[in-house]
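Just so you know, all these numbers are worked out from the coordinates, no wet-lab data involved. Quick caveat: nothing in here was measured; it's all calculated off a predicted structure. Here the Cβ is made from the backbone with ideal geometry for all residues, glycine too, and neighbour counts use every protein chain on show.
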Amino acid sequence: MRTFSYVRATDVPSALSAIGTGTGAKFIGGGTNLVDLMREDIERPDTVVDISGLPLTGVEELPGGGVRIGALTRNSHLAAHPLIRTRYPMLSQALLSGASAQLRNMATVGGNLMQRTRCAYFYDLAAACNKREPGSGCDAIGGFHRNSAVLGASESCIATNPSDMSVALAALDAAVEAESVRGVRRIPLADFHRLPGGTPHLETELAADELITAVELPALPLAARSRYRKVRDRASYAFALVSVAAALDVQDGVIAEARLALGGVAAKPWRAREAERVLLGAPAGEKSYERAADAELSAAAGTPENGFKVELARRAIVATLRELEGSGV
Ligand code: SF4
């Protein structure tokens, strides 16, 4: 690991002052991803600004019925919180499906949003990787890419986003609150992460000098009836091959509202708006779920190595919606 300066921020203004323009500096909260990346010499900050002592923790109900989550709230705390378990169960389930108990006890909400891809070539300094070193190429294309993207990929990068939490947040229409010396702004979660295009090294809309301070969930009665389904190679401590975050409101046999997002299929949590459009007003049942899945996945493009994920996503969508319809939750 290279040498770096360490600054411990005591409040948000001191954190923003220490990060400066963000060039060569990084915030660290739980450190569950950044420390690994620094050990591997992939992240090379000159300065690490420790924000773990800032008062940005807690889960509180908002006047309109939504929920505000401090950016430094630990994943395990959020997953267990009664407000989240009862009103947004998909979020609790997504958090509990991620990483290990030890990591969830350290990882923060803000850090979870910012975690980087687990593409093996990204972590291999001997490999070409446009995300790590822009313009160097992409060894995953034509290489081992069984877990790569089937939606929204580009000729520059086919990596996926590893976060489970972000998939649920995308389905829930969450918003990220970010603060910088220019002020506070809100970024819709669905727009927070970027598709790779020709600039896969730019992964989010967050500026280098901005600090994530909170995530807000809107009041969403529908979300009390929601599920997160994660399909992976082993039962725990593995990233998603495909995941589905879904909520369903069925009135008199007709779908009155649906929320759907996919994980493991793209460089960002994939809000399945086309599937939602097909579901709205359709009769609840297998045929409608299949039509919705087909509509969303019509743009999916797999290779002989990762093409199985398209059918896997289709089946996971149908199974999750079927489960919700019959759950009576
Ligand atoms: Fe790098 Fe993306 Fe290619 Fe992986 S898929 S090697 S992260 S450019």
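Applying a 10 Å radius around every beta-carbon, put 170-179, 92-101 in order of their mean neighbour count, most first. Display every interim value, and only then the final one.
Values: 170-179: 24.2, 92-101: 21.5.
Those peptides, ordered most packed to least, come out 170-179, 92-101.
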Exercise. May I ask you to derive the FRET efficiency for T21 and A301 from their Cβ-Cβ distance with R0 = 35 Å, giving the value to the nearest 0.05?
Key: 0.40
Quiz item: Hey, what angle do you get for helix 308-327 against the long axis of the chain, alpha-carbon based, 0 to 90 degrees rounded to 10?
Solution: 60 degrees
Quiz item: Which residue, T23, T73, T199, tops the fluctuation ranking in a GNM of the chain built on C-alpha contacts under 10 Å?
Solution: T23
Quiz item: Okay, helix-only estimate at 222 nm for the chain: each DSSP H run of n ≥ 4 adds -39500 (n - 2.57), divide by all residues, round to 500 deg cm²/dmol; what do you get?
Solution: -8000 deg cm²/dmol
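Take peptides 153-165, 75-87 and line them up by average Cβ neighbours within 10 Å, highest first, as a rough protection proxy. Before the final figure, lay out the partial values.
Numbers: 153-165: 24.4, 75-87: 18.5.
Final packing ranking: 153-165, 75-87.
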Quiz prompt | For the chain: relative contact order, % (alpha-carbon pairs under 8 angstrom, 6 or more apart) | solution = 16 percent
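What order do you get for 1-10, 122-131 when each peptide is scored by the mean count of other beta carbon atoms within 10 Å, highest first? Please report the intermediate quantities before stating the final value.
Working: 1-10: 12.4, 122-131: 18.0.
So the order, starting with the most tightly packed, is 122-131, 1-10.
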Practice problem: Using +1 at the Cβ of each Lys and Arg and -1 at the Cβ of each Asp and Glu in region 204-296, identify which of A292, V231, L248 lies farthest towards the dipole's positive end. | Solution: V231
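What does the convex hull of the Cα atoms come to per residue for region 115-261, in Å³?
Considering the Cα atoms of region 115-261, their hull volume per residue is 146 Å³.
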Quiz item: Roughly what % antiparallel, to the nearest 5, for the DSSP beta bridges in the chain?
Solution: 85 percent
Quiz item: Cα gyration tensor of region 14-161, axes a ≥ b ≥ c as square roots of the eigenvalues: rounded (a/c below 1.5), prolate (a/b > b/c) or oblate?
Solution: oblate
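What is the gain in length, in nm to one decimal, between Y6 and Q102 on full extension, counting 0.36 nm per residue of separation less the C-alpha to C-alpha distance? The partial results should precede the final answer.
Details: separation 96, 0.36 × 96 = 34.56 nm, distance 2.43 nm.
Additional length available on full extension: 32.1 nm.
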Practice problem: Working from Cα positions, state the angle (0 to 90°, nearest 10) between the long axis of helix 286-297 and the longest principal axis of the chain. | Solution: 40 degrees
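Under 1.5 on a/c is rounded, so check that first for the chain, then, if it is not, pick prolate when a/b is larger than b/c and oblate when it is not; a ≥ b ≥ c are the square roots of the alpha carbon gyration tensor eigenvalues.
Working: a/c = 2.04, a/b = 1.27, b/c = 1.61.
Oblate is the answer for the chain, as a/c is 1.5 or above yet b/c matches or exceeds a/b.
Assuming a ≥ b ≥ c are the square roots of the Cα gyration tensor eigenvalues, decide whether region 225-327 counts as rounded (a/c under 1.5), prolate (otherwise, with a/b larger than b/c) or oblate.
prolate
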Practice problem: Within the set of other residues whose C-beta is less than 11 Å from the C-beta of E60, count the net charge using Lys and Arg as +1 and Asp and Glu as -1. | Solution: -1
